[in-house]
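Everything on this sheet refers to the single structure shown next.
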Amino acid sequence: MTVSYTLKVANAKFGGFSKLLFRWKGSIYKLLYREFMVFCLLYSFISVIYRCVLNNEQQEMFERLARHCNKFAKLIPMSFVLGFYVTQAFQRWWGQYTSFPLPDNLMMVVSGNVHGTDERGRLLRRTLMRYANLSSVLILRSISTRVRKRFPTLEDIVEAGFMTAEELKKLNDLYSDFNKYWMPLAWFANLASHARKEGRVKDDIALRLLMDELNNYRSKCSMLFHYDWISIPLVYTQVVTVAVYSFFTFCLIGRQFVKPEKDGEKVLDLYVPIFTLLEFFFYAGWLKVGELIINPFGEDDDDFETNQLIDRNIQVSMLAVDDMHQNLPPLEKDKYWVDKGPSYPSATMKPVFMGSTHDMRILEDDIEESVPTPKTQMLAINVWPTTHRVKKQKSKNLQQLCCRAKCKNERSRLEQPSKSNILSPPQQQNMTICQEKLLGTPETTGPANQDP
């Protein structure tokens, strides 16, 4: 059973996690105590041989070997290899959990779109959800040891009520070399099409919604099958295991308390290698964590409760599509029909978050510094995209302004009594064009040039 300790760490307290260290079920002590005892016994056995059995010459040779093992054992990249491996195993573990086929979305769609309170309507809805649950039982029976022990044969599934004898016969009659967990989902799709023809499903949009949820459910079943089929590459698991075991094999010799290399040098002879044991506890425990979560469909303390999930899924799905179908409580005015919101005691009320700058104080000096006075006149620029009609109107207005300016210059020159005021033919032509543009001519105001 999955070990839950969420309530124990609901609030951060002094030594909050320390309470979890004294649990046995699901703990690292339960996983590691056998390997830890073997390591301690082997270390003690080698230490006794070194101290009591070997002569002086043999002890000197053993001391050189111990120093050599201790020196080169540090070259094994334990933290990198183990850290990357456990990270990949944890991502795989979480992916398997999120891929577990839960019928909640599917049962809501079936309950809301397969209509009919008569016996035929009830039969359709219950059969549709039974097919969905049967598919999950078949796939979990293929990957979970707990479910396999619960349903050793397909006849046990029939006896449990997930499948009828006639459905079992059809399942066995269809020959396939591969897993046939998808067959009940194909029955679901065909039965939903029959319900559409009978008018139990009102329109094609509702049928499409049923099929979409069915495909999501099928994809999760397929992902579980592929997680079971495609594992983390075996070579990487072997590398991690060899790295950990070889490192602590060298530690059995290299971490022995031997005589100092130089005469007169004082060293502690503790007999018990405390820090080496802690190192074994951390690294070997890390490897055990990866071993635990690489396949959560076993029978460890922290593995998924697949049988409990199967029972939960079949129960809630049948309640949703049968007992709760069109079984609604009477409509009543709620408590806040008049009051616009819940009222809390003043002692428990907390200020509502309105934004980080809601209570910001702004001084006049800050305003003057943050908004400098422009030295030149700033043009108003429209940052919003303009339509074709607005752009065309602006271009027309600009053209009229230019023509007015030219006409004004020509008129001022005419008012001065001099010979230079006599207009030449090109100037007279320009003057006429400007007047036509300002006053409007049939060519410029016609339907072809009007704005749409």
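If you add up the charges near F100, with Lys and Arg at +1 and Asp and Glu at -1, over every other residue whose beta carbon is less than 13 angstrom from its beta carbon, what do you get?
The answer is -2.
Give me the dipole magnitude in Debye, nearest 20, for segment 13-57 about the Cα centre, with unit charges on the beta carbon: positive for Lys and Arg, negative for Asp and Glu.
Working: 7 positive and 2 negative charges, 112 e Å.
Dipole magnitude for segment 13-57 comes out near 540 debye.
Share of segment 142-273's accessible area from carbon and sulfur, percent, 1.4 Å? Mind dumping the intermediate values first?
Values: 4890 of 8280 Å².
Within segment 142-273, the accessible surface is 59 percent carbon and sulfur.
Suppose the chain between Q308 and R122 were pulled fully straight at 0.36 nm per residue; how much longer would it get relative to their current alpha carbon spacing?
Gain in length upon complete extension: 64.4 nm.
About the Cα centre of segment 1-142, how large is the charge dipole given +1 on each Lys and Arg Cβ and -1 on each Asp and Glu Cβ? Please answer in debye to the nearest 20.
So the dipole magnitude of segment 1-142 works out to roughly 380 debye.
Once Lys and Arg get +1 and Asp and Glu get -1 on their Cβ, which of M211, F282, V239 lies farthest toward the positive end of the dipole of segment 206-296?
M211
Would you mind checking K30/K74; K149/K169; K8/K220; K19/K350; K25/K74; K74/K288 for any pair whose Cα atoms are more than 24 angstrom apart? Before the final figure, lay out each step's value.
Details: K30/K74 28 Å; K149/K169 22 Å; K8/K220 32 Å; K19/K350 32 Å; K25/K74 34 Å; K74/K288 21 Å.
Pairs exceeding the cut-off: K30/K74; K8/K220; K19/K350; K25/K74.
Which percent of the accessible heavy-atom area of segment 1-123 goes to carbon and sulfur, probe 1.4 angstrom?
Of the solvent-accessible surface of segment 1-123, carbon and sulfur hold 65 percent.
Write down the accessible area per residue of segment 168-274 in Å², having rolled a 1.4 Å probe over the full set of protein chains. Mind showing how you got there, number by number?
Numbers: 6980 Å² over 107 residues.
Heavy-atom accessible area per residue stands at 65 Å².
Quick check for you: with a 1.4 Å probe and neighbouring chains kept, what is the accessible area per residue of segment 1-134, in Å²?
65
Using the Cβ atoms and a cut-off under 14 Å, what net charge is assigned to the surroundings of A89, where Lys and Arg are +1 and Asp and Glu are -1?
-2
About the Cα centre, and with charges only on the beta carbon of Lys, Arg (+1) and Asp, Glu (-1), how big is the dipole of segment 56-118? Nearest 20 debye, please.
That gives segment 56-118 a dipole magnitude of about 420 debye.
The values are calculated or read from the model by the stated rules, or taken from the named source; none is laboratory data. It should be emphasised that the depicted structure is a prediction, and the values quoted were computed from it without experimental measurement. Glycine also receives a Cβ, built like all others from the backbone with ideal geometry; neighbour counts cover every protein chain displayed. When the accessible area is computed, the model is the full protein with side chains, heavy atoms only, and any ligands, DNA or RNA have been set aside. Shrake-Rupley method; radii C 1.70, N 1.55, O 1.52, S 1.80 Å.
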